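Undergrad: Have a look at the structure that comes next, please.
The values are calculated or read from the model by the stated rules, or taken from the named source; none is laboratory data. Predicted model, so just to flag it, every value in this text is computed and none were measured. Glycine also receives a Cβ, built like all others from the backbone with ideal geometry; neighbour counts cover every protein chain displayed.
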Amino acid sequence: MTEKNYAFFHMDKYKTPSQMNSEWKHCYRTIPVPNADKNLAYKNDVIIDMSGTSWSYVVKDKMKELGYSDKKNGEGLTFRKDGVRGLEAVVSYPKSIEDSIDLDGWKKDSILWLEKTFNACPEKYGDNLISAIYHADEPNCDPHMHVFIMPIDDKGHFNASYYTDGKALLSKYQDEYAKAMEKYGLSRGERGSRGTWQTSHKFNMAAKKAYEQQLPMVLPDETAVAYRRRVNPIYQDLYAAKTRNEFEAQRRIERAEARERNAISVARQETALKEDIERDTILRDIIERFGSVEACKNAANSFNCLLEYMDEHKDDEKFKIVRQLILDADKYEKEKKQKEAESQEQERKDAEKRDEDTRIRTEKLFIVNSGKIGKYN
C-alpha cells in the first residue's frame, strides 16, 4: 500500500508580548535551540522578513495605528487583558519527501493560501501576515514553516474569533489547505485523528531539562566498580519512575477511551429506549381512542368510503360542511404529527451534540495525556 503524505496545518494563539517574544526568538534562532542542528541551518529560509523587529513590537504599533489605547480614560479602542494579540500558523510536509518536493512552489502556494485565508480586508488595513520563516534544521521534526498573523478582522479590530471560532472552522482550514497542496502530492490527514503538534517551545523546554540532567561525578580514588555500584540505584530509580509514568499515562488514556465508548453507548441506549416508549405510548393512545388495530383498519376503510360518497354528492350543502370539518380535522392531525416529528428530530440532534461534546472532552484529555507521555520519552 502506498504511504500517504499529509499536508499539516496547525494554529497557536499568543496573548502576551512575552509569549510572542519567546517564539520569535526560537523562529529566528536568536537563542540556542537544543533540537536544531547548526550544520543544517543553511536549509532555513526567511520568506517574509521583519528586519530584526520582533512580533510584539509590530503588533503594538499596529494596535496604535488602529486606534487602540492603553489608557483607561475611555479614549480609543480598548483591548481585553486576556485578548489574543497574534496567531501563529504552522504548515509542514513529511520529511520523507524533502528531497523530491517542489520546495519553492510549496512555500509560495502556502503563503498565498494563508494570505487569502487570514486577510479579511488587506486593501484597507494592510497585510495580516507579518512574518514567515521556513525550518529544515530540526532532525526530529518535519520541515515546516512558521507564519505569524495579526488577527485583524474586516472592521479593523483585533479579533481572533473571526479566524478561529470553533472546531468546524479549523477543520475547514485543514480541508482547504490540503486541497491547495494536492499538486505537491499531499493530502488531508484522517478526520478525527488524535495526532497533535507539539510546539517547538514546549519541546525545547523539555529537551533543555533533559540535557541538564547528569550522572554524579566520580569521587576521588573511587574505582569503576564502586562508582557503578553507587550510580546503579540512581539509574534504576529514574528508569523505574519513567516506566511507571508511561504505564500510568497509558492507563489514563485507556480509561478515557473507555469512558468515551461507555458515554456514547449509554446515550444511544437512552435514545433507543425513549423511542420505544414513544412508540408504545402512541400505540396505546390509538387503541384507547379507536380500539384494536383491526378496528382502526376497518374505521379507515369506512372513512375512505365516506369520502368517496361525499365526492359523489359534493354539491349537497350538508355534505360540504361535513367534508370541511373532516378535512380540518385531518389537517390538524397532520400538523400535530409534523410537530411531533420535528420535536423528535430536535431531540435526536441534541443527543448527537451530547455525544460530540463527550468525544471532544475525551479528546482534549487524550491530548493532555499525550503531552505528558512525550515529556517522559
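Undergrad: Can you tell me which residues in the stretch 91-104 are crowded, with 16+ Cβ neighbours inside 10 Å and not hydrophobic (A, V, I, L, M, F, W, C)?
TA: Matches in the stretch 91-104: S92, Y93, P94.
Undergrad: Exactly one of these conditions fails for M50: (1) surrounded by 15 or more Cβ atoms within 10 Å (Cβ to Cβ); (2) outside any loop (DSSP other than H, G, I, E, B). Give me its number.
TA: (2)
Undergrad: Further question on the same structure: Which pairs turn up if I take residues in the stretch 120-146 that are farther than 20 Å from K107 by Cα and look for partners that are not small (G, A, S) with beta carbon separation below 7 Å, at least 6 apart in sequence or on another chain?
TA: Every condition considered, the pairs that remain are A120/I152; A120/D153; A120/D154; A120/Y162; C121/D154; Y125/I152; N140/N35.
Undergrad: In the list R255, R279, which residue meets the criterion of being over 14 Å from D355 (Cα atoms), in a helix (DSSP H, G or I), not β-branched (V, I, T) and not assigned by TED's automatic domain parsing to the domain that holds K337?
TA: Unique residue meeting the criteria: R255.
Undergrad: Follow-up. Just name the residue that is nearest to the chain's Cα centre (by Cα) out of those in the stretch 105-116 that are surrounded by 19 or more Cβ atoms within 10 Å (Cβ to Cβ) and under 22 Å from W24 (Cβ atoms).
TA: For the stretch 105-116, the residue satisfying everything is L114.
Undergrad: Then there's this: Determine if the stretch 213-226 includes at least one residue that is surrounded by 10 or more Cβ atoms within 10 Å (Cβ to Cβ), modelled with pLDDT of 70 or more, not in a loop (DSSP other than H, G, I, E, B) and not assigned by TED's automatic domain parsing to the domain that holds D355.
TA: Yes, because at least one residue in the stretch 213-226 is surrounded by 10 or more Cβ atoms within 10 Å (Cβ to Cβ), modelled with pLDDT of 70 or more, not in a loop (DSSP other than H, G, I, E, B) and not assigned by TED's automatic domain parsing to the domain that holds D355.
Undergrad: A136 fails exactly one of the following numbered conditions: (1) of a type in the set (A, V, I, L, M); (2) under 25 Å from the mean Cα position of the chain (by Cα); (3) within 30 Å of N39 (Cα to Cα). What is the number of that condition?
TA: Failing condition for A136: (2).
Undergrad: What pairs can you find where one residue is in the stretch 255-284 and farther than 22 Å from K349 by Cα and free of Cβ contacts under 8 Å to residues at least 24 places away in the same chain, the other is of a type outside the set (D, E, K, R) and surrounded by 14 or more Cβ atoms within 10 Å (Cβ to Cβ), and their Cβ atoms are less than 7 Å apart, with a gap of 6+ or different chains?
TA: Pairs found: none.
Undergrad: Inspect the stretch 41-48 for any residue being within 23 Å of I111 (Cα to Cα), in contact with a helix residue (DSSP H, G or I) (Cβ under 6 Å, 6 or more places away or on another chain) and among the small types (G, A, S) and give the result as yes or no.
TA: No.
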